[in-house]
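Below you'll find the structure, written out as structure tokens, and then a few comments.
Values quoted throughout were computed directly from the atomic coordinates according to the rules given, and no laboratory measurement underlies them. Computed from a predicted model, the values in this text were never measured in an experiment. Cβ coordinates were reconstructed from backbone atoms using ideal geometry, including for glycine residues, and neighbour counts include every protein chain displayed.
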Amino acid sequence: MPDPADWWRDAVVYQVYPRSFADSDGDGTGDLGGVVRRLPYLAELGVDALWLSPFYTSPLADGGYDVADYRDVDPRFGSLADFDALVAGAHERGLRVIVDLVPNHTSSEHPWFQEALQGRGKDRYIFRDEPNDWESIFGGPAWTQAPDGSYYLHLFAPEQPDLNWDHPEVRAEFRSILRFWLDRGVDGFRVDVAHGMVKAAGLPDVGPKEGRQAEMLGDEQVPYFDQDGVHEIYREWRPILDSYPGGRMAVAEAWVSSPARLARYVGPDELHQAFNFEFMMAGFDAKSFREVIDRSLAEAEIVGAPTTWVLSNHDKPRHVTRHGSLARARAATLLMLALPGSAYLYQGEELGLDEVLDLPDELREDPAFLRTGESRDGCRVPLPWSGTQAEGFGFGPAGSAAPWLPQPASWAALTAAAQEGDPGSTLTLYREALRLRKAHPALGLGSIEWVQAPEEVLVLRREPGFTLVTNTGETPVTLSALGLAGEVLLASGPMAGETVPPDTTVWLAR
Ligand code: GLC
């Protein structure tokens, strides 16, 4: 019997981006009340936990990843009472709740930064007389001049000054923030920019590079990310998490150069999990999937932690669009949900939503847009729940203000209500997949075995009695040609007899 405190090892976690999930008060912005109203939907979907992107007091210069008060809810998103109701309602339905923690930087509206601008407590941030050559992830220099002539570091937007993690007060404050939310009953934390808090001593220049620094993160180390010192912070946090009952966990958002570097963030004395972005970035072909899966499982095994899988989140184009079609997205999802480890879903992927590519520029809010021309707004469009586009697809109650970003007309067929009860809908596919994953608890744990197959086909044997086939090629394959038989438990697209068409994943009881 697995220990219930280990719930996170194979959990399916649903990411809620509160601003765009559901609006309870009709102002066009999603809120915690909206999440509470939709808890029955999430329970019926069959996920194990929700992860809430930031809902804290914030000027929303970066959608809430710029926190002005770490212990309160922004009035646009509700109140602490709404948060408590959310946790209670989720727990009643057997859903865990993970909150986002943003420790690398505060909002420039945070009282500490406001004091720093007055010349008090400047050493809680990183001020220098002269900037170095570091660039912001959102484009442009990572330094902005303060009114007193000095420069402060911001790896993201100028409204997100980086904290100085060498300062004991900063460390103490975050230990206290962890306890604040643990005391309110949260089951875990998603640690934002978990690779960023500690910078190389002396803040050395990166040196001349071709292209933007942000683009070289793939293979090289930069002096502001993935420094050894970050691990000390997690070793400080872990005993705090462990001191609470019921299995409180933390998952790292760490963009590092390899699965081996990523594995350093997880383990019994650091964080429980780290997002595996390699899987998200893999192309839709059997070879890349297989390589990434093998590498991820091997590295995770070394540190004895489960790996994670993710296909979409609030920072990357939705996987329907990235992989080029809904059929491929559905096939990739069924592949992901049959792998050992824990899987993260992003709100709306269960509806098969695509990236909204044609938002008018003047409505885009992503701070990266002005500096790089790239914008993450297209995956943050408010969810379509029911009804017509003119009614905001039921995002808020009748008569609400229009949703904060416009929804495309094509989503009329993709509302949750339109897909309800349709056996071919993506919503039904996700529900079925999650039900089967629960019925086969060994799927989320244990190891995998590849079965010999043509180059474009993945055949994966899991527990006795479960085989997966993914066809990423251009020609159909038959189960008998693969030496397989058995009952089809679920298919990501229509099958003709025992033929698995291109861009399709099939789960077999065999
Ligand atoms: C993380 C978040 C992203 C945010 C950034 C700065 O990457 O996922 O949305 O912009 O951190 O906090």
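Odds and ends about this structure:
- DSSP-defined antiparallel bridges as percent of all bridges, the chain, nearest 5: 55 percent
- Span per principal axis, largest first, for the Cα atoms of the range 448-509 (Å): 28, 22, 18
- C-alpha center-to-center spacing [the range 245-260, the range 102-143] in angstrom: 25 Å
- Per-residue Karplus couplings for the range 139-147, computed as 6.51 cos²θ - 1.76 cosθ + 1.60 with θ equal to phi - 60°, are listed in order as x, x, x, 8, 10, 10, 7, 8, x Hz, Gly and Pro entered as x.
- Whole-Å distance, taken between Cα centres, linking the range 322-357 and the range 7-84: 21 Å
- In the range 448-509, Cα pairs under 8 Å separated by at least six residues give a relative contact order of 33 percent.
- Cα pair distances of the range 31-105 binned at 5 Å [whole percent]: 3, 17, 27, 23, 16, 10, 4, 0
- Three-way shape call for the chain based on the alpha-carbon gyration tensor, with the a/c threshold at 1.5: prolate
- Evaluating 6.51 cos²θ - 1.76 cosθ + 1.60 at θ = phi - 60° for every residue in the range 463-468, the Karplus couplings come out as 3, x, x, 8, 10, 10 Hz, glycine and proline recorded as x.
- Protection proxy ranking for 464-475, 266-277, 331-342, 351-362, using the average of other Cβ atoms within 10 Å per residue and placing the highest first: 331-342, 266-277, 464-475, 351-362.
- When each of the peptides 228-238, 487-497, 45-55 is scored by the mean number of other C-beta atoms lying within 10 Å of its residues, the order from highest to lowest reads 45-55, 228-238, 487-497.
- Taking every DSSP helix (H) stretch of at least 4 residues in the chain, weighting each as -39,500 (n - 2.57) and dividing the sum by the residue count yields a mean residue ellipticity at 222 nm of -7500 deg cm²/dmol.
- Rounded to the nearest 20 debye, dipole of the range 448-509 from Cβ charges on Lys, Arg, Asp, Glu: 160 debye
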